[in-house]
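Peer 1: Supplied in structure tokens, the structure appears directly below.
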Amino acid sequence: ILNVEQSPQSLHVQEGDSTNFTCSFPSSNFYALHWYRWETAKSPEALFVMTLNGDEKKKGRISATLNTKEGYSYLYIKGSQPEDSATYLCAFIVQGAQKLVFGQGTRLTINP
Amino acid sequence: NAGVTQTPKFQVLKTGQSMTLQCAQDMNHNSMYWYRQDPGMGLRLIYYSASEGTTDKGEVPNGYNVSRLNKREFSLRLESAAPSQTSVYFCASSEAIGSYSNQPQHFGDGTRLSIL
């Protein structure tokens with residue numbers, strides 16, 4: 001059974017602070033790693049799709065890195081703002097598969 | 001841009017009733033998915049359709065059936081609803097996942113289903 005672990009499960013950060021959290025996944029037969037942002041009462045929205053070891057992607061104040069050899073990805077948020085409050089999901093897919101495996105998410109709350 | 005449209009948004013059923021959740025996408029995507037979201041469980045895949053004409057079981061398929069009616073539409077049916085199926089259901093689509101594409105999934109707004 002393929003498993004994706006995200007840590008921490010929840011996180012409270014002061015507005016203006018930077019933060020990061022982790023997604024761990026099996027490193028064998030890796031194909032791609034996805035990050036989604038999921039705001040309360042909305043649907044998940046894609047942030048990044050990463051495929052190459054050492055990949056680094058950035059969207060505004062949010063960035064992500066990927067290490068496929070050791071099976072982890074970090075998501076960083078610089079200068080947190082209240083609108084960053086959301087659950088951040090990662091999901092991965094192995095070679096030849098046709099479906100994602102999602103982690104349980106990291107719930108981020110930004111305190112003003 | 002409609003994207004992925006789910007109907008209904010809310011539904012209350014009695015145990016034993018049946019219903020079909022509808023999902024349609026207008027992005028010409030090949031793959032479509034049904035997930036359920038429960039507290040502390042993240043997103044769990046119920047069924048998926050990698051392409052028109054194919055459907056496969058996901059992680060939690062028991063109690064559900066699906067139909068890929070055409071490339072646009074993928075419905076989820078509860079034949080005899082049970083309280084354990086109380087959940088928020090999300091439909092998603094993607095151009096393709098796996099060997100042919102690195103595209104993300106696009107999600108509908110969800111259907112909140114309560115089984116009494």
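Throughout, read-outs are computed from the coordinates displayed, never taken from laboratory work. Keep in mind that this is a model prediction, so the values were computed, not measured. Note that we place each Cβ from the backbone using ideal geometry, even for glycine, and neighbour counts take in every protein chain shown.
Peer 1: Return, ordered by residue number, the residues of the stretch B:1-37 whose backbone nitrogen is under 14 Å from a label point located 7 Å along Cα→Cβ of B:Ser51.
Peer 2: Residues passing the 14 Å test: B:29-32.
Peer 1: Which whole number gives the average, over all residues in B:30-42, of C-beta atoms from other chains lying within 10 Å of the residue C-beta?
Peer 2: Counting other chains' Cβ atoms within 10 Å and averaging over B:30-42 gives 2.
Peer 1: Starting from the amide H of A:Phe21, placed 1.01 Å from N in the peptide plane, find each other amide H under 5 Å away whose residue is 5 or more places distant or on another chain.
Peer 2: HN-HN under 5 Å from A:Phe21: A:Leu75.
Peer 1: When N counts the residues of chain B, how does its alpha-carbon radius of gyration compare numerically with 2.2 N^0.38 Å, as a ratio?
Peer 2: 1.00
Peer 1: Given H placed 1.01 Å from N in the peptide plane, which residues other than close sequence neighbours of B:Asp109 have an amide H under 5 Å from its amide H?
Peer 2: Answer set, sorted by chain and number: B:Gln6.
Peer 1: Taking beta carbons within 10 Å but only from partner chains, what does the mean come to for residues A:80-90?
Peer 2: 0
Peer 1: For chain B, what is the relative contact order in percent, using Cα pairs closer than 8 Å and at least 6 residues apart in sequence?
Peer 2: 35 percent
Peer 1: Same structure, new question: Take A:Lys58 and A:Glu39, extend 7 Å from each Cα along the Cα→Cβ direction, and tell me the distance between the two endpoints in nm.
Peer 2: 2.4 nm
Peer 1: Along the charge dipole of the stretch B:24-116, Cβ charges K/R +1 and D/E -1, which of B:Ala81, B:Asn70, B:Leu45 sits furthest on the positive end?
Peer 2: In the stretch B:24-116, that residue is B:Ala81.
Peer 1: So, in chain A, how many Lys pairs have Cα atoms under 18 Å apart, if the pair is 8 or more places apart or on different chains?
Peer 2: Summing the qualifying lysine pairs gives 4.
Peer 1: With the crude spin-label approximation of a point 7 Å out along Cα→Cβ, what separation in nm comes out for A:Ser7 versus B:Asn102?
Peer 2: Inter-label distance under the simple model: 2.8 nm.
Peer 1: Show me A:38-50, A:97-109 ranked by packing, highest mean number of other Cβ atoms within 10 Å first.
Peer 2: Listed from highest to lowest mean packing, they are A:97-109, A:38-50.
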